[in-house]
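**Student:** My questions will all concern the structure given below.
The numbers here are math on the coordinates, done by the rules we state, and not lab data. All figures in this text were calculated on a predicted structure; none of them were measured in a lab. Positions of Cβ are generated from backbone atoms using ideal geometry, with glycine treated the same way; all protein chains shown enter the neighbour counts.
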Amino acid sequence: MTTTINLLPWREERRKRQQQEFIVLLVMAAVLGAVLFFGWKSVVDQKIADQRARNSHIQTKAAELDGKIKEIKELKTRRDELVARMEVIQSLQGNRPTIVYVFDQLVRTLPDGVFYSKLSRIGDLYTINGIAESNNRISRLMRNLDQSEWFKEANLQNVTALEDGSQANSFTLTVKQASPTSNNEEEKQ
């Protein structure tokens, strides 16, 4: 009598059970991996969406600021134009009485025996054409102009004897206009 024990079914059952446990663990690992992947993907997608929203907000604010900067530049340009106009108006108002003083000084510096025939002005430079009874009177006129607080740098351009046989000469001289305030400032320096 021989006893025979068959161990194959027990081993086969154990192998099936281990295989089923392996498959269950593999499926659980796959499900866990999928859950982790989709969780990570949703977190990353949410962060990307948040960053895009921030970028959009920044771009909107930057566009608003660019508009304000442009408006500020336009306002500065207008302000500069207005300031320039005000300065021109102030200089015109300040120089208005100057011409009266200039003509007054032209008369006060004129010695006897000298007559103006033409007076022209370009900027601050006056050109005076006239007739003088002698060269000494022309010299006296130039000294008077240099001593005046309204004129400086009198310069004789030419002297021509008149052809009528008299001692008189025609002359041309230039003189620069000065203002009494600039002369006082130059003396202080």
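**Student:** Using only Cα atoms, tell me the angle between helix 135-147 and the longest principal axis of the chain; keep it within 0 to 90° and round to the nearest 10.
**Tutor:** 40 degrees
**Student:** Give me the one-decimal nm value for the distance between modelled label points at residue 100 and residue 52, 7 Å along each residue's Cα-to-Cβ direction.
**Tutor:** Modelled inter-label distance: 7.7 nm.
**Student:** Taking Cα pairs under 8 Å and at least six residues apart, what relative contact order does the chain come out at, in percent?
**Tutor:** 14 percent
**Student:** Here is a further query. Taking 0.36 nm per intervening residue step and subtracting the Cα-Cα distance, what contour gain separates residue 19 from residue 112 on full extension?
**Tutor:** Taking residue 19 through residue 112 to full extension adds about 19.6 nm, to one decimal.
**Student:** Using only DSSP helix segments of four residues or longer, with each worth -39500 (n - 2.57), what per-residue ellipticity at 222 nm results for the chain after dividing by its residue count and rounding to 500?
**Tutor:** It lands at -23000 deg cm²/dmol.
**Student:** Report the full-extension gain for the segment residue 72 to residue 31: residue separation times 0.36 nm, less the Cα-Cα distance, to one decimal in nm. The partial results should precede the final answer.
**Tutor:** Values: separation 41, 0.36 × 41 = 14.76 nm, distance 6.05 nm.
Additional length available on full extension: 8.7 nm.
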